[in-house]
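A.B. asks: Here's a structure for you.
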């Protein structure tokens, strides 16, 4: 099956999350054949995770490649951010948790100074920053347009947990055996 690299990463992340948090017996199945259906899905999820994890690691390695110079820029930017960020009563930078594990530092009191010093730093590394921007644009295209061959273990639609959200169903779709038309028939649409 052909999937974009972006789809490989989202499917791998979902399967990893399922393994870590939700691969216990799922009680959202109809009672009949519940254990058999769950076992089939768990087996396929684990096999697919094993297969996709290798590809996912290679993709992430490409995404996280930095030049030595860009790494220096990021290190200096982080030092500047830590220095200029607002501090709590213990002298620690005040952070806001953002999505996907990212952290945002609060910079209000010394914002003007921070922005001026950041502009100086950006001028110093202007060529490197431009190269990184071009690399990221190319990477975005590479992630979303080029398909790679992936051998995915497929399972019948009826084995997919009924508790899945629409977003999870979209991500897991490459694992479902039936075509969209067959699923619509099963659902009576």
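No value in this document is a laboratory result; all are computed from the given coordinates. All figures in this text were calculated on a predicted structure; none of them were measured in a lab. Every residue, glycine among them, receives a Cβ derived from its backbone with ideal geometry; neighbour counts consider all protein chains shown.
A.B. asks: Shape of the stretch 68-145 from its Cα gyration tensor (a ≥ b ≥ c, root eigenvalues): rounded if a/c is under 1.5, otherwise prolate when a/b > b/c, or oblate?
C.D. replies: oblate
A.B. asks: Using the basic label-point model (7 angstrom from Cα toward the beta carbon), what is the residue 95 to residue 140 distance in nanometres?
C.D. replies: Modelled inter-label distance: 2.6 nm.
A.B. asks: Follow-up question, since we're still on this one. Calculate for the chain the 222 nm mean residue ellipticity that helices alone would give, adding -39,500 (n - 2.57) per DSSP H run of length 4 or more and normalising by residue count, nearest 500 deg cm²/dmol. Let's see the in-between values first.
C.D. replies: Details: 7 runs with 109 residues, N = 189.
-19000 deg cm²/dmol, from helical runs alone.
A.B. asks: Between [x] 77, 52, 36; [y] 63, 42, 27; [z] 65, 41, 31, which entry matches Cα extents along the principal axes in Å as derived from the coordinates of this structure?
C.D. replies: Computed from the coordinates, Cα extents along the principal axes in Å corresponds to [z].
A.B. asks: To the nearest Å, what is the center-to-center distance of the stretch 1-20 and the stretch 53-118, using C-alpha atoms only?
C.D. replies: 26 Å
A.B. asks: Test of understanding: what is the full-extension gain from residue 109 to residue 6, defined as 0.36 nm times their sequence separation minus their Cα-Cα distance?
C.D. replies: 33.2 nm
A.B. asks: Would you list 160, 171 from fewest to most Cβ contacts within 10 Å?
C.D. replies: Listing 160, 171 from fewest to most nearby Cβ atoms yields 171, 160.
A.B. asks: A further question on this structure: If one takes the longest principal axis of the Cα atoms in the chain, at what angle in degrees, from 0 to 90 and to the nearest 10, does the Cα axis of helix 126-145 lie?
C.D. replies: 10 degrees
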